[in-house]
Amino acid sequence: MTTTPPLKKVSAKPDLLLSTEHSLCPGCGEPLALRTILELVDELDLRDRTICVCGIGCYTAFPGIIDVDVLQALHGRAPSVATGAKRVLADRFVFTLQGDGDMVNEGLQEIIHCAARGEKFTAVLLNNGVFGETGGHMTATSVLGQRTKTTMATGRVPELHGWPIKIADLLAQVDGTAYVARGAMHTPAAIKWTKQCLRDAFRAQLDGKGFSLVEILTMCPTDWYVEPTETPDWVERNFAPSYPLRVIKSL
Amino acid sequence: MSATGGTTRSRRVLMEGSHAIAEAAIQSGCRFYAGYPITPSTEILEYMSFRQPQVGGVCVNAESEIEAINMVWGAAGCGVRAMIASTGQGISLMQESLAELSNAEIPCVVVNMMRGQSDYYQATRGGGHGDYRHLVLAPHTVQEAVDLIALAFQLGDQWRTPVDVLGDFVLGHTSEAVEFPVLRESDLPPKPWAATGARGRRAHNVTPLGSPEKLHLEHGAHFNAMSEKCARMSTEKRCETGLLDDAEVAVVAFGSPARFVKYAIRQCRTRGLKVGWIRPITLWPFPDEVVAAAASRVRAIAVFEQNAGQMIDDVRLAVLGRAPVPAIGGISHDHSGFGVGPLLEPATIIRRITDVYEGKAAA
Amino acid sequence: MPRQPATVTIDIERCKGCVLCVEVCPPRVLVMTDHEVNAMGYRYPVLEEGCTGCELCFRICPDFCFEVYRGASEEATAS
């Protein structure tokens, strides 16, 4: 008779996650980004000196369930709040958590200035191409052809709605930026790859190199009008062509 | 008006109002300043840009007022005394943040160097959304501005609220000999609520949204609690009165114009007119009891302010019809638009007060 | 070649029925319920024989439902 060896737990929710109960939609990519970040904060032993500056969006639900200090900012304003925090507490680890509506619509001016000033925090962009929390409206990153609550009849067309802003590529051109990468959460492989980008971005801050940004494409089945299981394909066919996954800048 | 917060005072130095306001903040332990150039507050930003690095602090010339107030939000949210200065237009840009700083209970000092006095409503009603109120202080001399800056930081930390200090172009560009209350590092109150990295304790969430765990249930409870706090802050009323005991007419004025009004009233007294003044130092909470008490004794309460009539509403609310409340101020600018207008002329003010005294002014 | 012993636990009350785990599982050992639903009203996955402990379900689940267990002889580390 063979005996079964005892099984060891190899994966579990991050220790820094205080609760697995959240109200985000089935199949949402944002909790995956949160998990990845919390795992890293724990692995790099940063909990005790981390200050998360959270923007306004669906992810605003997260500060209540994470075991790190949080400054909740207003819509678009997280980079400025992070600037104030990092300037007065320079040895703390400061990162922003922002959606595309927050960073690229409301807060476009300040993310560019923070990058140009080389503010030494890490900005994390959760990009799902919509204003999710208000019900799925067009943002500056919505792709051409994308149907949203404000582009429903035609999908996004340049004559009516202009073109998307590719903020990561823009910021990579700004002096003061040390690390820019774009990842995604739509497959386990992409999640793993993105975690390495986040690790490198965090390292750029810890080494004092300057401003760092990781854009993370996240799935939003609700406002893409698809089933959750169709979102990996949606990312690859509709989203990633405008926002290719790559390390854009690494000093 | 005595200084608060520090027992040591510096030697007297001759300083321009804007610079004195900035130095007073430095001496109160302010180690973060963000601002945007806008007349007549710009000299505060200039001064801070060289002075903050000297004391190991930070000054950021931000890309707009909106970013500047949010940088203050971040620094203050981490427990550092932080300040911003602007004028009415810039304060307008900051309104969402000013309203939400109250909800987040983040202390900071917001200086409005006004162009005239047309920002009274903006400051006292809360120019932003919601039911909040800031404490609002109005100095009339450079020395008082220094003392009120120190008081603003102290009250802000005590109540965990933004505190507005209203100066103006005249104050900013008037030079006086001033002495500063000097705060020791050890006098700074602890801020156990701040976001500093959660070493050795559970994590803090410094947020305007109320308790995030039960956001949907407790949202209303949070706003009610903030509103109740405002009611408790109304114990911070401050006011200066002069020559009021036997006065037949009282004049209410605040800020730099009050200096002119006090001079005019003294001139009236030499001509036998029994006039006194009431000078609110806190515009919010408004010293309504002082005004109400005077209303039962005088024939009229005149209001001199450099705007279309804003503080006069609070005076009328306090008087409640017991006496006529004539407006004897008005909008007054020179060609610059920065508020040093022809109305700030003692002879004009004396004439208007005399008209009220002799029953010639409409209430 | 003997397969390593492995299994997952599933917090079915947290599941929102997104089915991402089912799609991503290489040996296809996760199957959604037909009629059973959790307290939120969602169908949820049930584990069948053949789990390899690859952790892909854990990685793709937005609701932190999975814990993955592998044989102790492995020098296994969480991803």
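Computed from the coordinates by the stated procedures, all read-outs in this text should not be read as laboratory data. Note that the structure is a prediction, hence the values are computed from the model and not measured. Neighbour counts are summed over all protein chains in view; Cβ atoms, including those assigned to glycine, are modelled from backbone coordinates with ideal geometry.
In this label model, B:ARG125 and A:GLU21 are separated by 4.3 nm, measuring between points 7 Å along each Cα→Cβ vector. Within a straight-line Cα-Cα reach of under 12 Å, B:LYS237 can be paired with the following aspartates and glutamates, leaving aside sequence neighbours fewer than 8 residues apart in one chain: B:ASP288, B:GLU289. What do you get for the angle between helix B:17-27 and the principal long axis of chain B? Use alpha-carbon atoms, 0 to 90 degrees, nearest ten. So the helix axis and the longest Cα principal axis differ by about 40 degrees. In plain terms, the residue of B:LYS229, B:LYS262, A:LYS149 with the fewest other Cβ atoms within 10 Å comes first and the most crowded comes last, giving A:LYS149, B:LYS229, B:LYS262. Neighbour counts of other Cβ atoms within 10 Å put B:ARG352, B:ARG160, B:ARG202 in the fewest-to-most order B:ARG202, B:ARG160, B:ARG352. Sorted from longest to shortest, the spans of the Cα atoms of region A:82-156 along the three principal axes equal 50, 22, 13 Å.
Quick check: convex hull of the Cα atoms in region B:240-357, volume per residue, rounded to a whole Å³?
88
Enter the angle in degrees (range 0 to 90, nearest 10) between the Cα long axis of helix B:256-270 and the first principal axis of the Cα atoms of chain B, meaning the one along which they spread out most. Approximately 30 degrees, to the nearest 10.
For B:LYS191, a cut-off of 15 angstrom between C-alpha atoms picks up these aspartates and glutamates, skipping any fewer than 8 places away in its own chain: A:ASP69, B:GLU105, B:ASP157. Approximating the spin labels as points 7 Å out from Cα along Cα→Cβ, the C:GLU36-to-A:ARG203 distance works out to 4.5 nm. Dipole orientation for the protein assembly as shown: of the candidates B:MET15, C:THR9, B:ALA82, B:MET15 has the Cα lying most toward the positive pole (charges on Cβ; Lys, Arg +1; Asp, Glu -1).
Note on region C:6-70: with charges restricted to the Cβ of Lys and Arg (+1) and Asp and Glu (-1), its dipole about the Cα centre is near 160 debye.
Could you grab the Rg to Rh ratio for region C:6-70? Cα atoms only, Kirkwood for Rh. Rg/Rh for region C:6-70 comes to 0.92. Across peptide B:63-69, the average count of Cβ atoms from other chains found within 10 Å of a residue's Cβ is 6. Mind pulling the angle between the C-alpha long axis of helix B:65-77 and the longest principal axis of chain B? Nearest 10 degrees, somewhere in 0 to 90. For B:65-77 against chain B, the angle is about 60 degrees.
Lys/Arg Cβ at +1, Asp/Glu Cβ at -1, dipole of region B:208-357 taken about the Cα centre: which of B:THR354, B:PRO257, B:CYS239 is farthest positive-ward? Towards the positive end, the residue furthest out is B:THR354. Ordering A:CYS25, C:CYS57 by the number of other Cβ atoms within 10 Å of each residue's own Cβ, fewest first, gives A:CYS25, C:CYS57. Neighbours of A:THR194 by Cβ distance under 12 Å: Lys/Arg scored +1, Asp/Glu scored -1, total +4.
Taking all Cα-Cα distances within the protein assembly as shown, those exceeding 32 Å account for 57%. Here is the link list: A:LYS8/C:LYS16; A:LYS86/A:LYS209; A:LYS86/A:LYS120; A:LYS195/A:LYS249; A:LYS9/C:LYS16. Which ones come out longer than 18 Å on Cα distance? Beyond 18 Å between Cα atoms: A:LYS8/C:LYS16; A:LYS9/C:LYS16.
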